[in-house]
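Report on the following structure.
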Amino acid sequence: MILEIENGYILHTNNTTYAFRVLETGQLEHVYYGKRIDVAATADGLKSLCAVRAFAPGNAISYDQDHLSTALEDIPMEVSSYGKGDIRDPFVIIKHADGGITSDFKFQSAKSGVGGPKLKTLPSSYGEKAENLTVVLKDPYYNIELEITYTVYEKCNVITRCSKVINRSNYEIKVSKLMSTQIDFEDAGYKFVTFGGAWAREMDRSDTLVSSGKHVNSSFAGTSSNRSNPFVMVEKPDTTEEFGSCYGFNLVYSGNHYEALSVSAYGKTRFVSGINPEFFEVCVGPGEAFESPEAVMTFSDLGESGMSHNMHKFVRNHIVRGEWKNKPRPVLLNSWEANYFNINERSLVRLSRAAKLAGIELFVMDDGWFGERNNDTTSLGDWYYNEKKLPHGVSGLADKIKAQGLDFGIWVEPEMVNANSKLFHEHPDWALGIPNKPHSEGRNQRILDLTRRDVQDYIISAMSNVFSSADISYVKWDMNRIFSDVYSSALPADKQSEVFHLYYIGFYRIMEELTKRFPHILFEGCASGGNRFDLGMLCYFPQIWASDNTDALCRVKMMTNYSYGYPMSTVTAHVSSCPNHQTLRTTPMDTRFNVAAFGVLGYECNLNDMGLAAIMEIKKQVKLYKQYRELFQYGDFYRGRKDNLHEWTVVSRDKKTAVLMLMQELAQPNTVSGPVYPRGLNPEIMYNFTGNGPRVNLKTFGDLLNAVSPIHIKNNGLLINIASRLYKMPGETEDCKAYGSALMYGGMHIKPAFSGTGFSEDIRMFSDFGSRMYFITADGLAGKITDKINAKRGK
């Protein structure tokens, strides 16, 4: 809901309020963003929320002689710029034709409407029922306009912002900084929560208390990057998972980004987010415009969990789009860790047979199928199949896969080119790089120049040929390096500072066209894992490969941290072989599944090398996942403990079904562990809480068997090997009824963990990296109603 009052505007969602007003000097003052409040629709409606200013503090700059008490440095601003006294991190910097950088944007007009923002060059959110407000500001001294568009998604408690500079003058200007959003807080001491890392260790959470100075989360990698995801949180120091004020911010953009939290000399905090201004400058000629990406904002007074649920609902309903928006995602087997580059039709068909036996639905041929691609030094850009590996072509392989009842998917990396490729030999100028200078490569490859229309058209044509060459249901779109030697030979010198941004305008054009041509294909994004996991990508890729690291211990932490800003329906997670290919760690198969099942499940292992028993175990896992697939992919996700024990709960929208996962990092001696705490249940529903531990291999006990055996059993000897194959001890069983309130607040006391003093069916074998999955289903409201009736009769 958008309300206009005298000299002010109020934006309401179901649970939040955002307000700003026009100062006497014409600039916009940010008044409030937080829990929903009631504001009178009068001239004084916002008065109580605004500070009284009787003088300019200290040596701050007064705006002008008629407003000596107005010091913009000490006022929460909706938009800021240099030159008129506000020396904090600015929203916009414009270099004018006269060389000056002073800008003074004043309110001109505002117009409300319906629907999501409609950007010309960039993807954005969408929603027919959303309300929007576009405010036009103007610098009267340079004849430049600045448009700020707000879009309100009431049910999601999300407000988005984007901005546009329009040059109404007769001279060229240079925009060296244009943010997408700015929030000024009246106080300091906020915690800035960011998510950084590197390849194979994406989304490490970092909490920084910002009481002075400036803390920056940014990427200069040419991608949103695994070094610093664009999703961040700003919260009070005492905010927890379920309590306290928490702001979440994200950017619908896949390139270099910038998020900064800073504190002024007067104890006010400013947050800005947008395109990274490092090596960024856009020339805007007379009559031209430049638009920023869309920024996403949400607030919850129910802690980080409340904020996350706002973001999840928004991403699912207003970012992800197309046929796969709400469609159950298939369980896949990817060929990479089974074959790497050494693929051929025979081995792939054999692998797919095992996949079909295990109940898998989609078979994906990864890298190595095209050109002379036997390693990562050659053939990127040459998108024709290798006749030696695929004698019947991609279509012949796809037909054989489909004949087994599996869908077929394929891997591509269209944005890249190897120097050792036909494409590069024919078009060396199509790759980014400084002419006649040595180029620093990543993974033996270079980046195609997507600022060029002819390169964009080539990728669209080449990929259209690949995607239409066979019955392809799924595409994994990869990008395995960051940017270096950024230079486009197609652009003049004064345009080189635009290359990073123009690249993504070209990339989005490519994806817009391909997703329209192939609406039935499920596109999955990948960039060396999570090097480009962002809302811009999710506009075209309903799911993204979160990390090349499939180790369950690493993944449980990554997926926890991804969940702060992204729903699990966007996070793909695979069960792989052990020792793990990234960490050489060995974790139980059931733990690998229990973790991966909370995302979009897949497998990445050599089923041909597994015995029948192992394949049958995978078949049981896949069957279980399919039974609860809609819940895992589209249920409400809750985080629990995040220390040595990791706890997740996913709950159906009607609160009648939930699954809880408990994982342990390292076993603690003589510690039976306490209860588990499901979250998100209906307090008044009676639930059945059930679960079964895995059957226990006798070898697990080692020499301890001799403490109870009448004969000596040699560790790893013939007797124990035969016995362990023929018999496995039953695991513990959980079966209890309790109300949701009891389970959530009192906890469910599960069977005690093994502590070295014996074993029975009432003891839970819970070793290093052990895990359990528990199922919570509504027993109906009858029990609660009966209790109320009996209570009344007792009275």
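The values are calculated or read from the model by the stated rules, or taken from the named source; none is laboratory data. What you see is a predicted model; the values in this text were computed from it and never measured. Don't worry about glycine lacking a Cβ; one is built from the backbone with ideal geometry, like all the others, and counts go over all protein chains shown. Only protein heavy atoms, including side chains, enter the accessible area calculation; ligands, DNA and RNA are left aside. Shrake-Rupley method; radii C 1.70, N 1.55, O 1.52, S 1.80 Å.
Among the numbered conditions (1) touching a Phe, Trp or Tyr at 6+ places or on another chain (Cβ under 7 Å); (2) within 29 Å of residue 298 (Cβ to Cβ); (3) open to solvent by 20 Å² or more (accessible area, probe 1.4 Å), tell me where residue 572 comes up short.
In the conditions (1) touching a Phe, Trp or Tyr at 6+ places or on another chain (Cβ under 7 Å); (2) within 29 Å of residue 298 (Cβ to Cβ); (3) open to solvent by 20 Å² or more (accessible area, probe 1.4 Å), residue 572 misses (3) alone.
Can you tell me which residue within the range 643-670, out of those that are polar (S, T, N, Q) and assigned to a strand (DSSP E or B), is nearest to the chain's Cα centre (by Cα)?
649
If you take the residues in the range 495-541 that are of a type in the set (A, V, I, L, M, F, W, C) and touching a strand residue (DSSP E or B) at 6+ places or on another chain (Cβ under 6 Å), which one is surrounded by the most Cβ atoms within 10 Å (Cβ to Cβ)?
By that ranking, first place goes to 533.
Which of the residues spanning the range 64-84 are without any contact (Cβ under 8 Å) to a residue 40 or more places away in the chain and not in a loop (DSSP other than H, G, I, E, B)?
The answer is 64, 81.
Could you say which residue among 551, 590 is under 13 Å from residue 202 (Cβ atoms) and out of contact with any helix residue (DSSP H, G or I) (no Cβ under 7 Å at 6 or more places or on another chain)?
551
Restricting attention to the range 684-721, and to residues there that are surrounded by 11 or more Cβ atoms within 10 Å (Cβ to Cβ), under 16 Å from residue 763 (Cβ atoms) and over 33 Å from the mean Cα position of the chain (by Cα), which single residue is modelled with the highest pLDDT?
The qualifying residue modelled with the highest pLDDT is 695.
Out of 87, 61, report the one residue that is surrounded by fewer than 22 Cβ atoms within 10 Å (Cβ to Cβ), touching a Ser or Thr at 6+ places or on another chain (Cβ under 9 Å) and assigned to a loop (DSSP other than H, G, I, E, B).
The unique qualifying residue is 87.
If I filter the range 409-439 down to residues being assigned to a helix (DSSP H, G or I) and not basic (Lys, Arg), which single residue comes out as farthest from residue 509 (Cα to Cα)?
Only one residue fits best here, namely 425.
Looking only at the range 613-648, which residues are out of contact with any Leu (no Cβ under 8 Å at 6 or more places or on another chain), among the aromatic types (Phe, Trp, Tyr) and closer than 18 Å to residue 774 by Cβ?
Matches in the range 613-648: 628, 637, 638.
Condition test on residue 515, is it farther than 21 Å from residue 229 by Cα and touching a residue at least 12 places away in the same chain (Cβ under 8 Å)?
In short, yes.
Yes/no per residue for (1) in a loop (DSSP other than H, G, I, E, B); (2) among the β-branched types (Val, Ile, Thr); (3) open to solvent by less than 20 Å² (accessible area, probe 1.4 Å); (4) within 30 Å of residue 618 (Cα to Cα):
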{"site": "270", "(1), (2), (3), (4)": "no, no, yes, no"}
{"site": "279", "(1), (2), (3), (4)": "yes, no, no, no"}
{"site": "296", "(1), (2), (3), (4)": "no, yes, yes, no"}
{"site": "305", "(1), (2), (3), (4)": "no, no, yes, no"}
{"site": "312", "(1), (2), (3), (4)": "no, no, yes, yes"}
{"site": "316", "(1), (2), (3), (4)": "no, no, no, yes"}
{"site": "322", "(1), (2), (3), (4)": "yes, no, no, no"}
{"site": "333", "(1), (2), (3), (4)": "no, no, yes, yes"}
{"site": "338", "(1), (2), (3), (4)": "no, no, no, yes"}
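Within the range 722-751, can you find the residues that are out of contact with any Phe, Trp or Tyr (no Cβ under 9 Å at 6 or more places or on another chain), touching a residue at least 40 places away in the same chain (Cβ under 8 Å) and surrounded by fewer than 17 Cβ atoms within 10 Å (Cβ to Cβ)?
733, 741, 749
What number of residues within the range 40-55 satisfy the criterion of being modelled with pLDDT of 90 or more and touching a helix residue (DSSP H, G or I) at 6+ places or on another chain (Cβ under 9 Å)?
0
Scan the range 244-267 and tell me whether some residue there is assigned to a loop (DSSP other than H, G, I, E, B), touching a Lys or Arg at 6+ places or on another chain (Cβ under 8 Å) and crowded, with 24+ Cβ neighbours inside 10 Å.
Within the range 244-267, one or more residues are assigned to a loop (DSSP other than H, G, I, E, B), touching a Lys or Arg at 6+ places or on another chain (Cβ under 8 Å) and crowded, with 24+ Cβ neighbours inside 10 Å.
Going by the structure shown, is residue 196 open to solvent by 10 Å² or more (accessible area, probe 1.4 Å) and touching an Asp or Glu at 6+ places or on another chain (Cβ under 9 Å)?
Yes, satisfied.
Are there any pairs with C-beta distances below 6 angstrom linking a residue in the range 421-442 that is free of Cβ contacts under 8 Å to residues at least 40 places away in the same chain to a residue that is open to solvent by 60 Å² or more (accessible area, probe 1.4 Å) and assigned to a strand (DSSP E or B), with the two at least 6 apart or on different chains, and if so which?
Close Cβ pairs (under 6 Å, with a partner that is open to solvent by 60 Å² or more (accessible area, probe 1.4 Å) and assigned to a strand (DSSP E or B)) do not exist here.
Restricting to the range 596-634, what's the tally of residues that are over 17 Å from residue 546 (Cβ atoms), in contact with a helix residue (DSSP H, G or I) (Cβ under 8 Å, 6 or more places away or on another chain) and part of a loop (DSSP other than H, G, I, E, B)?
The qualifying residues number 3.
Any chance you could count how many residues in the range 4-57 are part of a strand (DSSP E or B), open to solvent by less than 60 Å² (accessible area, probe 1.4 Å) and either β-branched (Val, Ile, Thr) or closer than 20 Å to residue 132 by Cβ (or both)?
So the count comes out to 17.
Among the candidates 637, 593, which residue alone is crowded, with 18+ Cβ neighbours inside 10 Å, aromatic (Phe, Trp, Tyr) and in a helix (DSSP H, G or I)?
The conditions single out 593.
Just for the range 365-390: of the residues that are open to solvent by less than 10 Å² (accessible area, probe 1.4 Å) and outside any loop (DSSP other than H, G, I, E, B), which one is farthest from residue 415 (Cα to Cα)?
Per the criteria, the residue is 365.
Pick out the one residue from 672, 651 that is in contact with a Pro (Cβ under 9 Å, 6 or more places away or on another chain), free of Cβ contacts under 8 Å to residues at least 60 places away in the same chain, β-branched (Val, Ile, Thr) and closer than 28 Å to residue 551 by Cα.
So the residue among 672, 651 that is in contact with a Pro (Cβ under 9 Å, 6 or more places away or on another chain), free of Cβ contacts under 8 Å to residues at least 60 places away in the same chain, β-branched (Val, Ile, Thr) and closer than 28 Å to residue 551 by Cα is 651.
Which residue, of 214, 191, is open to solvent by 10 Å² or more (accessible area, probe 1.4 Å), over 25 Å from residue 302 (Cα atoms) and touching a Leu at 6+ places or on another chain (Cβ under 8 Å)?
Testing whether each residue is open to solvent by 10 Å² or more (accessible area, probe 1.4 Å), over 25 Å from residue 302 (Cα atoms) and touching a Leu at 6+ places or on another chain (Cβ under 8 Å) leaves just 214.
Could you grab me the full set of residues in the range 665-683 that are open to solvent by 20 Å² or more (accessible area, probe 1.4 Å), modelled with pLDDT of 85 or more and among the aliphatic types (A, V, I, L, M)?
Passing the criteria: 666, 667.
Residue check: is residue 459 closer than 18 Å to residue 490 by Cβ, within 28 Å of the chain's Cα centre (by Cα) and open to solvent by less than 70 Å² (accessible area, probe 1.4 Å)?
Here the answer is yes, as residue 459 does meet what is asked.
Just to check your reading of the model, which residue among 586, 550, 572, 560 is modelled with pLDDT of 95 or more and under 30 Å from residue 746 (Cβ atoms)?
Going through 586, 550, 572, 560 in turn, just one is modelled with pLDDT of 95 or more and under 30 Å from residue 746 (Cβ atoms): 560.
Based on what the data block shows, is residue 625 surrounded by fewer than 23 Cβ atoms within 10 Å (Cβ to Cβ) and among the hydroxyl-bearing types (Ser, Thr, Tyr)?
So residue 625 fits the description; yes.
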